[in-house]
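Presented below is the structure to which this report refers.
The values are calculated or read from the model by the stated rules, or taken from the named source; none is laboratory data. It should be emphasised that the depicted structure is a prediction, and the values quoted were computed from it without experimental measurement. Every residue, glycine as well, gets a Cβ built from its backbone with ideal geometry; the counts of neighbours run over all protein chains shown. To get the accessible areas, we keep the full protein, side chains included, count just its heavy atoms, and leave off ligands, DNA and RNA. Shrake-Rupley method; radii C 1.70, N 1.55, O 1.52, S 1.80 Å.
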Amino acid sequence: MAKAILYDSTLCVGCRQCEEACSTRWKLPYNDKIAAEEKVSAHKLTTIRTFGERFSRKLCMHCIDPACASVCPVAALQKTAAGPVVYDETRCMGCRYCMVACPFQVPTYEWGARLPKVAKCDMCSDRANDPTRCSEACPTGSTITGERNAMIAEAKKRLAEKPGEYCQKIYGLEEAGGTSVLVIAAVPFEQ
């Protein structure tokens, strides 16, 4: 059973607790300056982006068939049966092909580090049966973790219960061949 994340942007209040939980997990710095950055970077593996009064979350989509892993010549990036796309820094040779291949522009490189590595969300792969830290930190339930089919069912349920409040699409079902991060929103995803 593959793990997945469901992000419901209609419930997101932009509190950024998911960002802080992720930074704590990776022992990355987190302060007001970093919180204000609305892009994924080597020191911020997930971000909340502001669109007027709406919010959107960006993180690794954990593609079912990840382009980043398919181009890695040393298998430093691999899709696990449990759902996450994980990175093994001991295998990485620094080619950065993964950065070019990712359709979501997620893997980042530690340009300032003496021994740089790729940085990306690994869906808290160390917590196989537990929710991701971002899900645990979310006070509104906009980010939840569970088995992928259960997250698809939950997304469909939310769309059916409040059809006027959602764009009737689950992003991640088919995009990039399917992803382990699913998104529902009030507006079309192009917006």
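Points worth noting:
- The mean sequence separation of alpha-carbon pairs under 8 Å and at least six residues apart, normalised by the residue count of the chain, gives a relative contact order of 31 percent.
- Taking every protein chain into account, the accessible area of region 1-85 amounts to 48 square angstrom per residue (probe 1.4 Å).
- Within straight-line cross-link reach of LYS157, aspartates and glutamates at Cα separation under 19 Å, skipping those fewer than 8 residues along the same chain: ASP8, GLU147, GLU165, GLU174
- Subset of LYS79/LYS156; LYS27/LYS58; LYS117/LYS169 violating a 29 Å alpha-carbon distance limit: LYS117/LYS169
- In region 89-182, the portion of solvent-accessible area held by carbon and sulfur atoms comes to 49 percent [1.4 Å probe, whole percent, DNA, RNA and ligands not counted].
- Dipole-positive endmost among ALA153, SER23, LEU173 within the chain (Cβ charges, Cα centre): SER23
- Comparing region 47-121 with the 2.2 N^0.38 Å rule of thumb, its C-alpha radius of gyration ratio is 1.18 (two decimals).
- For region 39-80 versus region 6-22, the gap between their alpha-carbon centres in whole angstrom: 15
- Sorted from greatest to least, the principal axis extents spanned by the alpha carbons of region 95-191 come out as 51, 30, 22 Å.
- Taken about its Cα centre, region 53-142 carries a charge dipole of roughly 220 debye when the Cβ of each Lys and Arg holds +1 and the Cβ of each Asp and Glu holds -1.
- Gain upon complete extension [GLU38, ALA153; 0.36 nm per residue less C-alpha separation]: 38.4 nm
- Over the C-alpha atoms of the chain, the Rg to Rh ratio, Rh being the Kirkwood estimate, stands at 0.95.
- Calculated FRET efficiency for the pair LEU115/THR24, C-beta based, R₀ 22 Å, to 0.05: 0.45
- Annotation note: trypsin sites (Lys or Arg not before Pro) in region 1-84 located in DSSP loop regions with a Cβ neighbour count of at most 15 within 10 Å are LYS27, LYS39.
- Estimated distance in nm for a label pair at GLN191 and VAL71, the labels positioned 7 Å out from Cα along Cα-to-Cβ: 3.2
- Which of GLN105, ILE144, LEU115, positive extreme of dipole for the chain (C-beta unit charges): LEU115
- Remark on region 140-180: ratio of C-alpha radius of gyration to 2.2 N^0.38 Å is 1.18.
- ILE64 sits among other residues whose Cβ lies under 15 Å from its own Cβ, and their net charge, with Lys and Arg +1 and Asp and Glu -1, is -1.
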